Amino acid sequence: MKNISDKFLRNKIENEKNDIYMEIENAKIKKANLLLDMGIMIYEKIRSEIIIDDSFDNICNEILEIDKLIYNNNLRIKTLEEKPQEIVCECGSVINFENRFCGTCGKKVEIEEDYLTECTRCDSLNEEDSVYCACCGIKL
């Protein structure tokens with residue numbers, strides 16, 4: 001009988017330890033999420049020049065480079081999705097988008113492009129009527 005009660009007690013202790021370990025892990029996850037949220041808030045304040053501290057420059061520049069990569073790749077995807085595959089020339093011939101001249105009449109293919117303005121902070125291209133940079137958020 002003592003053997004059964006010892007096993008029960010050890011089981012109870014192990015269960016309680018597991019509950020405590022789980023509580024610790026949940027607290028660590030919550031702390032990590034709060035630190036992440038705080039880091040994002042601080043980064044946004046640094047980018048908005050509310051906080052000015054040169055010790056953050058290197059990491060902020062790395063983050064800005066990553067933001068530019070993400071933004072420019074999203075633009076590339078958007079451009080690919082919006083790019084027409086064929087264009088109809090004035091003479092009626094269907095021209096592949098990559099061609100620069102019509103194979104039937106020889107006319108140069110004119111493709112209307114959006115007007116873009118370059119951001120002074122991150123060099124990303126933005127639509128001409130944008131007030132703020134879509135990549136870094138600075139006022140254009």
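The values are calculated or read from the model by the stated rules, or taken from the named source; none is laboratory data. What you see is a predicted model; the values in this text were computed from it and never measured. For neighbour counting, all protein chains shown are included, and Cβ atoms are generated from backbone atoms with ideal geometry for every residue, glycine included.
When ILE4 is tested against (1) within 32 Å of the chain's Cα centre (by Cα); (2) farther than 30 Å from ARG121 by Cα, exactly one condition is not met: (1).
Kindly establish whether SER124 is surrounded by 11 or more Cβ atoms within 10 Å (Cβ to Cβ), under 29 Å from GLY39 (Cβ atoms) and at pLDDT below 90.
So SER124 fits the description; yes.
The residues of segment 52-72 that are surrounded by 10 or more Cβ atoms within 10 Å (Cβ to Cβ), of a type in the set (Val, Ile, Thr) and over 14 Å from the mean Cα position of the chain (by Cα) amount to a single one, ILE59.
Filtering segment 95-111 to residues that are out of contact with any Pro (no Cβ under 7 Å at 6 or more places or on another chain) and assigned to a loop (DSSP other than H, G, I, E, B) leaves GLU98, ASN99, ARG100, CYS102, GLY103, THR104, CYS105, GLY106, LYS107, VAL109, GLU110, ILE111. One residue is enough: does segment 99-111 have a residue meeting the conditions loosely packed, with under 11 Cβ neighbours inside 10 Å and of a type in the set (S, T, N, Q)? No, segment 99-111 contains no residue that is loosely packed, with under 11 Cβ neighbours inside 10 Å and of a type in the set (S, T, N, Q).
For segment 52-63, the tally of residues that are in a helix (DSSP H, G or I) and either at pLDDT below 90 or acidic (Asp, Glu) (or both) stands at 3. Criterion first (surrounded by fewer than 10 Cβ atoms within 10 Å (Cβ to Cβ) and under 19 Å from CYS135 (Cβ atoms)) does LEU75 satisfy it? Here the answer is no, as LEU75 does not meet what is asked.
Kindly evaluate ILE40 against the criterion of being out of contact with any helix residue (DSSP H, G or I) (no Cβ under 9 Å at 6 or more places or on another chain), among the hydrophobic types (A, V, I, L, M, F, W, C) and farther than 15 Å from CYS136 by Cβ.
So ILE40 does not fit the description; no.
Of the candidates GLY92, GLY137, the single residue that is at positive phi, surrounded by 11 or more Cβ atoms within 10 Å (Cβ to Cβ) and not in a helix (DSSP H, G or I) is GLY137.
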